[in-house]
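Below: the structure, in structure tokens.
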Amino acid sequence: MVHRSVWLALVLLLLPVVARAVESAPATSPHAIVTLSAETDSYRPGEPFRLGLRFRLAPGWHVYWRNPGDAGSPPEIAWTLPQGATAGEIAWPAPGRETFGQVTSYVYSQEVVLPVRITPPPGDAPLEIAAAANWLVCEKICVPEEGQFRLTLPPGPAEPTPEAALFAAADRRLPQPSPFPASLAPDGQLHVSGQGLSATTVQDAWFFPDAWGGIDQNAPQTLQIGTEGLTLRLMPGPQFGPDRPLSGVLALRDPQGNESFLTLSATPLAASPPGVGAVEALLLALAGGLVLNLMPCVFPVLAMKALAIARLSGHARRTVRAQALGYTAGAVLAFLALGAALLGLRAAGTAIGWGFQFQSPLFVAVLAWLLFAMGLNLSGVYAIGGRFAGAGQDLAGRGDLLGSVATGALAVVVATPCTAPFMGSAMAAATVAPAPLALGVFAALGLGLALPYALLAAVPRLAGLLPRPGAWMEVLRQALAFPLYGAAIWLLWVASRQSGPDGVVLVAGGMGLLGLAAWALGLAQRTAGRGRRAAQGIALAAALAACALLPSLTASAGPAPGSADGSEPFSPARLAELRAAGRPVFVDMTAAWCVTCLVNEKVALAPREVRDAFAAHDVAYLKGDWTRQDPEITAFLRAAGRDGVPLYVYYPPRGEPVVLPQILTPALVLAQVQSQSSQN
């Protein structure tokens, strides 16, 4: 019995020693009890472990986050460590908000641990650690306090201490890197885009800036949740710069009350063009559709249109008017269908823009095959007639109303890789307008595209000015097949960018099978009896075999923009890094299927004098490839008031970014770079 009492006394005496081994003696005041705590009761030589400055605060009192807000000062720690040991920075858990009148601060209340990672030196000696800390603890008044802390950790297996639960609580509030791209508008709107951000996952949000002055911390932050992410309306502060990144912590709370915290750096974007009214948007769309006739991607269909117009010579005015109205109706209806699909997919949460269908390898393959088959038809390999009439594959040669409607629809499909002048503002207005006005903008684009042809409906006698039909039309028909072959080859190159070498093999193989089908079909049309049925069977089998290749066609990573043209891949983080370093930046948003983009790159960005100017003025050239869907590029386009590529933005070393026209020239690019550089 005596021995048992002795052992019990020894255990009771040792308990305070054990407690002191994992937590220092406290620095105590009426406002706070502060200690240096360890997450483990020992350490493994050479393996990092964590200590933490632990605050137990009196009711109503608080200490401050790394950015204290409008008032206050964060805690500071000075370490004294054994030789060879190092201490990291404080890992700051996300704070709360405290508002007193017109002053908002970011604070910790009740109890918090501020973790610090310690890396011990090699060896197995007890680790003696000392820390001198100071902090400001506030309620209605603020009191500066300080403390000296000592802790000794022995080497060992490193078991969790009772204080480990406090470190775990801090970890739950430690911000994690954001998986979502973020952009900052010149008026302070913070836009965070990406799948997973919706009304079902986010009920409330708040942004804590890393440094004071970037935003008005006392102003409300209005949350809007859309189909592509969330927007926080921040009030710019005295240190806000529309051309500077804004970094901090985004706190999100879901409808169940669960919180998550993300670190992000919002990329500053060029100012969006001024909003346009309904009438102005419709007029811009009409002008943009008209100019679209001059863009290179419409050239293959212009060939078919030329042949169709030539065929109208000598026809009755009623026929001329019907054909022209059919083409116009096809263009308008196709634009309406594309617009409805675009708006519908966006409403479903998909981040897409103008030309979105060309981001699908399947669509590119099918369109390449269609243009190739139409070229074979114009070359006379086969003909479409009877029950196949108006199917859209003999558009240039048919004279019926359905053929004209299909021609107009196809013109819209192949025109979407281009963005003509005036279209950018019109498309931007359509994406934020009510659905009826948005569809009206798309209808105006279709009417503008068909306007030259629609003039024949208004003035049918113009068709009488055309040469009379004759043998020359067959020569023209066959010659106009080659623009279609060229367009098919271009789409094959687009497929290579989207799906790699395997995609090229599949699309080219499909072309070969369609060529076999077209040859067999033409043979069947010139043969009777069993030979005809056999040729028809070969044509059907070859067409089905081509269709069977489509499921194997998938998007691959594809080549990233490289250094061959002096560019590097665009990312919001890289743009922010370059802007922070004070370098001028030229951002080129492009796509392999965007003919306008490719022409601009060859004509305005590839010349030696432009490359030399970029090098002389230390301009960083960032290229964003929108060939495949990319939420970061989509967010950048939307924030800049554009709904498709191309987009060119020049960021001078200082000052606001400048959006360049969609049609570039070397002189325009050089003037921008040289004028901005001379001002800085």
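FYI, it's all coordinate maths here, none of it is from the lab. Predicted model, so just to flag it, every value in this text is computed and none were measured. Cβ coordinates were reconstructed from backbone atoms using ideal geometry, including for glycine residues, and neighbour counts include every protein chain displayed.
Below, the figures for the structure above:
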{"read-out": "Derived scalar couplings ³J(HN,Hα) [the range 179-187; Karplus, 6.51 cos²θ - 1.76 cosθ + 1.60; whole Hz; x for Gly, Pro]", "value": "x, 9, x, 10, 9, 10, 7, x, 8"}
{"read-out": "Compactness relative to 2.2 N^0.38 Å, alpha carbon Rg of the range 487-551", "value": "1.32"}
{"read-out": "Virtual paramagnetic centre 7 Å along Cα→Cβ of residue 603, amide N under 15 Å, in the range 649-668", "value": "661-668"}
{"read-out": "Calculated FRET efficiency for the pair residue 547/residue 508, C-beta based, R₀ 22 Å, to 0.05", "value": "0.90"}
{"read-out": "Where labels lie 7 Å past Cα in the beta-carbon direction, separation of residue 102 and residue 533 in nm", "value": "9.4"}
{"read-out": "Calculated diffusion of the range 594-641, Stokes-Einstein form, Kirkwood radius summed over Cα pairs, 37 °C and 0.692 mPa s, µm²/s", "value": "261"}
{"read-out": "Potential extension, residue 402-residue 665 segment - 0.36 nm per residue separation minus Cα distance", "value": "90.6 nm"}
{"read-out": "Footprinting exposure proxy for 552, 567, 109 (fewest neighbouring C-beta atoms within 10 Å first)", "value": "552, 109, 567"}
{"read-out": "Sorted by Cβ neighbour density within 10 Å, fewest at the top, the residues 547, 594", "value": "547, 594"}
{"read-out": "Peptides ranked, highest mean first, by Cβ atoms within 10 Å: ranges 252-258, 630-636, 173-179", "value": "630-636, 173-179, 252-258"}
{"read-out": "Gap separating the Cα centres of the range 593-641 and the range 435-451, nearest whole Å", "value": "28"}
{"read-out": "Residue-span extension gain [residue 86 to residue 256] - 0.36 nm each, minus C-alpha spacing", "value": "57.1 nm"}
{"read-out": "Separation of the residue 493 and residue 203 label points, Cα + 7 Å toward Cβ, nm", "value": "5.4"}
{"read-out": "Two-site label geometry, residue 383 and residue 73: point separation in nm, points 7 Å out along Cα→Cβ", "value": "9.4"}
{"read-out": "Span from the the range 129-196 Cα centroid across to the the range 51-113 one, whole angstrom", "value": "7"}
{"read-out": "Rh (Kirkwood; distinct C-alpha pairs) - the range 177-268, Å", "value": "13.1"}
{"read-out": "Hull-based mean projected area of the range 46-166, where the convex hull spans the alpha carbons, in square nanometres", "value": "7.8"}
{"read-out": "Net lengthening on full extension, residue 337/residue 211 (0.36 nm per residue, minus Cα-Cα)", "value": "40.6 nm"}
{"read-out": "Range of Cα positions in the range 563-679 per principal axis (Å), largest first", "value": "36, 30, 26"}
